[in-house]
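Undergrad: Have a look at the structure that comes next, please.
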Amino acid sequence: MIRFLSFVECVLAFDTAADFLGLTNGGYRALAQIFVSKKQNIEGTEQILVPSLKELVCEERNGLICTTVNQTIIDLLERNGDGQIITESLANYYEEHQGSFDGLEIPEHLRQRFEKYGAWAKEYYE
């Protein structure tokens, strides 16, 4: 399903980005979440309208445009969506970075939420 999005002007977002980047253990959403600058008729997607895709912090991976790891985590925290996905994303980041959140740049207004999920993430694989 996600491969065909390489032919669409979009950026993978939120849970879909986390899954694509390997931050989650996968398979949480039936619909692919994507940022778009104009709504498109794409079955199987949840489209989040943004003024411009060029203003997003993203990168190309395997032929698809996706928010960066840091931006994906910020977006998940900002949206305060599925706690399992946020915790798992932080836990996998923590494990992949030898027990550290170094490298993540979390805005001050999200620090409290990050600390809450970060504490759970540190215990996730224990």
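Undergrad: Answer with yes or no whether ARG29 is of a type in the set (Lys, Arg), under 28 Å from GLU9 (Cα atoms), open to solvent by 90 Å² or more (accessible area, probe 1.4 Å) and free of Cβ contacts under 8 Å to residues at least 24 places away in the same chain.
TA: Spelling it out, ARG29 is indeed of a type in the set (Lys, Arg), under 28 Å from GLU9 (Cα atoms), open to solvent by 90 Å² or more (accessible area, probe 1.4 Å) and free of Cβ contacts under 8 Å to residues at least 24 places away in the same chain.
Undergrad: Moving to a separate point now. Going through the range 41-59 one residue at a time, which ones are open to solvent by 50 Å² or more (accessible area, probe 1.4 Å), assigned to a loop (DSSP other than H, G, I, E, B) and touching a strand residue (DSSP E or B) at 6+ places or on another chain (Cβ under 7 Å)?
TA: VAL57
Undergrad: Further, regarding this structure: Just to be sure, is GLY99 in contact (Cβ under 8 Å) with a residue 60 or more places away in the chain, among the small types (Gly, Ala, Ser) and either crowded, with 19+ Cβ neighbours inside 10 Å or farther than 14 Å from LEU21 by Cβ (or both)? Before the answer, list the steps.
TA: Working: in contact (Cβ under 8 Å) with a residue 60 or more places away in the chain: no; among the small types (Gly, Ala, Ser): yes; either crowded, with 19+ Cβ neighbours inside 10 Å or farther than 14 Å from LEU21 by Cβ (or both): yes.
Answer is no for this residue.
Undergrad: Name the residue that is nearest to the chain's Cα centre (by Cα), counting only residues in the range 24-48 that are aliphatic (A, V, I, L, M) and modelled with pLDDT of 95 or more.
TA: Step one: of the range 24-48, the residues aliphatic (A, V, I, L, M) are 30-32, 34, 36, 42, 48.
Cutting the leftovers down to modelled with pLDDT of 95 or more gives us 34, 36, 48.
Numbers: ILE34: 10, VAL36: 15, ILE48: 13 Å.
Ranking the candidates gives ILE34 first.
Undergrad: Could you please find all residues in the range 60-77 being exposed (fewer than 14 other Cβ atoms within 10 Å of the Cβ) and either small (Gly, Ala, Ser) or modelled with pLDDT of 95 or more (or both)?
TA: Correct list: GLY63 only.
Undergrad: Are any of the residues in the range 95-115 more than 22 Å from PHE35 (Cα to Cα), touching a Ser or Thr at 6+ places or on another chain (Cβ under 8 Å) and at pLDDT 95 or above?
TA: Taking every residue of the range 95-115 in turn, none turns out to be more than 22 Å from PHE35 (Cα to Cα), touching a Ser or Thr at 6+ places or on another chain (Cβ under 8 Å) and at pLDDT 95 or above.
Undergrad: List pairs: first residue in the range 44-60 and touching a residue at least 40 places away in the same chain (Cβ under 8 Å), second residue part of a loop (DSSP other than H, G, I, E, B) and exposed (fewer than 13 other Cβ atoms within 10 Å of the Cβ) anywhere in the structure, Cβ distance under 6 angstrom, at least six positions apart or on different chains.
TA: Note: pairs meeting the criteria are GLY44/MET1.
Undergrad: For ASP82, are the conditions met, namely being open to solvent by 20 Å² or more (accessible area, probe 1.4 Å), acidic (Asp, Glu) and either at pLDDT below 95 or in contact with an Asp or Glu (Cβ under 7 Å, 6 or more places away or on another chain) (or both)? Working first, answer last.
TA: Numbers: open to solvent by 20 Å² or more (accessible area, probe 1.4 Å): yes; acidic (Asp, Glu): yes; either at pLDDT below 95 or in contact with an Asp or Glu (Cβ under 7 Å, 6 or more places away or on another chain) (or both): yes.
The answer is yes for ASP82.
Undergrad: Do we have GLU126 as within 19 Å of CYS10 (Cβ to Cβ), surrounded by fewer than 14 Cβ atoms within 10 Å (Cβ to Cβ), among the charged types (D, E, K, R) and at pLDDT below 95 here? If you could, list the steps in order and put the result at the bottom.
TA: On the way: within 19 Å of CYS10 (Cβ to Cβ): no; surrounded by fewer than 14 Cβ atoms within 10 Å (Cβ to Cβ): yes; among the charged types (D, E, K, R): yes; at pLDDT below 95: yes.
So GLU126 does not fit the description; no.
The values are calculated or read from the model by the stated rules, or taken from the named source; none is laboratory data. None of these values were measured; they are calculated from a predicted model. For neighbour counting, all protein chains shown are included, and Cβ atoms are generated from backbone atoms with ideal geometry for every residue, glycine included. Ligands, DNA and RNA are stripped out before the accessible areas are found, and what is left, the full protein with its side chains, is counted by its heavy atoms. Shrake-Rupley method; radii C 1.70, N 1.55, O 1.52, S 1.80 Å.
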